[in-house]
Amino acid sequence: MGLFYPPDPGEKRASIGGNISTNAGGMRAVKYGVTRDYVMGLELVKADGTVVTVGSKNRKDTTGLDLKDIVIGSEGTLAVITKCLLRLVGKPEKSLSVLAGFNSLKSGIEAVPKILQANLNPTAVEFIEKKVVALGEKFLNLKFPLENEAYLLLTFDGKAEEIDSAFKNLQTVLKDSAEKIISLDDSALSQNVWKIRGCLVKAVEAVSEQEPLDIVVPIAKVADFVNFVNKLEGESGMQMISFGHAGDGNVHLCVVRGDRSEETWQKELHENLEKLYSYARKLGGLISGEHGLGVSKRDFFFAETPEANVELMNAVKSAFDPKRILNANISYVK
């Protein structure tokens, strides 16, 4: 058919319903957006058993409140999704990944706005530090093709001539900041690089329990935040592995337990989470860009969300589920 569904969340076993419930993002969000951008309609079952259809095949709709968008990302608190109507787009003719090495994370992150402002239209822009790459290399017994302090891993897709032009322009944009830029046009090499990027959480979990975070900050503040993470790691003695989506400011962070006892782990984890979330908020960021709130972020959500906002969210919850039987322990529900 020549069509594809652009959202590409990291959890490959997730269902479409789960993606919709969390408004899943992923690496392609820079160009294609997130799950919400591809959901046109939903069939919902409310807590009382009422079946409701929201949205339609129409591309425009100002007919009342957008109930579909209210449900998307609500983490199962409002209704059960039983059917969905998705928008597909034309499958790109060609895809090319590019790896750029930098002498510091700061120089790599500072290059991202230049890439975006140059209208190169990348599909993905990932950042990884050398110490994090080493974890993936060891876990998979693979080798990264560059040795630098930090990297940007980019993908471009579209027509062949557009991709060739984007790569040439990227080289021009990065000529004063990147130490080396290579095209991953060898499919085996490209797959290995993306495998290393994709295995980082599993590489951490193979050796220790970890708390996964997905803090989001303004794109220009990613380097500031990661530098703060590295400083906090040194001060606290708690290992913190950061990587993520430089193109949309979404920093994925593994806070690692190590050999701490349960009591020490819970105490020190909470203390460090408070510092991480507080600094993200100082930069204009939020506690979650993709993973949602769940129950573990409850205290932090209430600490930084205005009471008026919480009241509105709870009013919506009561309208959909007055007895509060659907996922009632989610963060925003009081």
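The values are calculated or read from the model by the stated rules, or taken from the named source; none is laboratory data. Keep in mind that this is a model prediction, so the values were computed, not measured. Here Cβ is always computed from backbone atoms with ideal geometry, including for glycine, and neighbour counts include all displayed protein chains. For accessibility, only protein heavy atoms count, side chains too; no ligands or nucleic acids. Shrake-Rupley method; radii C 1.70, N 1.55, O 1.52, S 1.80 Å.
Per-structure values
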read-out: Output for region 282-319, where each listed residue is hydrophobic (A, V, I, L, M, F, W, C) and closer than 20 Å to H252 by Cα; value: L283, L286, I287, L293, V295, F300, F301
read-out: Near pairs, Cβ below 7 angstrom, 6+ apart or cross-chain, from region 303-322 (within 24 Å of L273 (Cα to Cα)) to any residue that is of a type in the set (D, E, K, R) and open to solvent by 70 Å² or more (accessible area, probe 1.4 Å); value: E304/R281; V310/K334
read-out: Failed item in (1) over 30 Å from V173 (Cα atoms); (2) in contact with a Gly (Cβ under 9 Å, 6 or more places away or on another chain), with D8 passing the rest; value: (1)
read-out: Number of positions in region 24-61 that are part of a strand (DSSP E or B) and either open to solvent by 70 Å² or more (accessible area, probe 1.4 Å) or not charged (D, E, K, R) (or both); value: 12
read-out: Condition check for D224: of a type in the set (D, E, K, R) and under 12 Å from the mean Cα position of the chain (by Cα); value: no
read-out: Failed item, numbered, when K114 is tested on (1) surrounded by fewer than 20 Cβ atoms within 10 Å (Cβ to Cβ); (2) over 20 Å from P9 (Cα atoms); (3) at pLDDT 95 or above; value: (3)
read-out: Residue in region 87-100 that is free of Cβ contacts under 8 Å to residues at least 60 places away in the same chain, of a type outside the set (G, A, S), over 30 Å from K231 (Cβ atoms) and assigned to a helix (DSSP H, G or I) present; value: no
read-out: Hits in region 119-132 - residues which are open to solvent by 40 Å² or more (accessible area, probe 1.4 Å) and either at pLDDT 95 or above or on the phi > 0 side of the Ramachandran plot (or both); value: N119, N121
read-out: Failed criterion for I70 (all others in (1) in contact with a strand residue (DSSP E or B) (Cβ under 8 Å, 6 or more places away or on another chain); (2) in a helix (DSSP H, G or I); (3) of a type in the set (V, I, T) hold); value: (1)
read-out: Complete set of residues in region 294-329 that are within 25 Å of K267 (Cβ to Cβ), open to solvent by less than 30 Å² (accessible area, probe 1.4 Å) and in a loop (DSSP other than H, G, I, E, B); value: G294, K297, T305
read-out: Residue pairs meeting the criteria (Cβ under 8 Å; at least 6 apart or on separate chains; first over 13 Å from N121 (Cβ atoms), in region 159-175; second open to solvent by 80 Å² or more (accessible area, probe 1.4 Å) and not in a loop (DSSP other than H, G, I, E, B)); value: L174/K114
read-out: Sole residue being under 21 Å from the mean Cα position of the chain (by Cα) and at pLDDT 95 or above, chosen from V45, V51, V30, V98; value: V98
read-out: In region 277-293, the residues that are open to solvent by 50 Å² or more (accessible area, probe 1.4 Å) and in a loop (DSSP other than H, G, I, E, B); value: G284, H291
read-out: Among the candidates E271, E307, residue that is acidic (D, E) and in contact with a helix residue (DSSP H, G or I) (Cβ under 9 Å, 6 or more places away or on another chain); value: E271
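Residues are listed down the side, and each one gets a yes or a no for (1) β-branched (V, I, T); (2) more than 19 Å from the chain's Cα centre (by Cα):
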| position | (1), (2) |
| --- | --- |
| E271 | no, yes |
| A280 | no, no |
| G289 | no, no |
| R298 | no, yes |
| A308 | no, yes |
| I325 | yes, yes |
| N329 | no, yes |
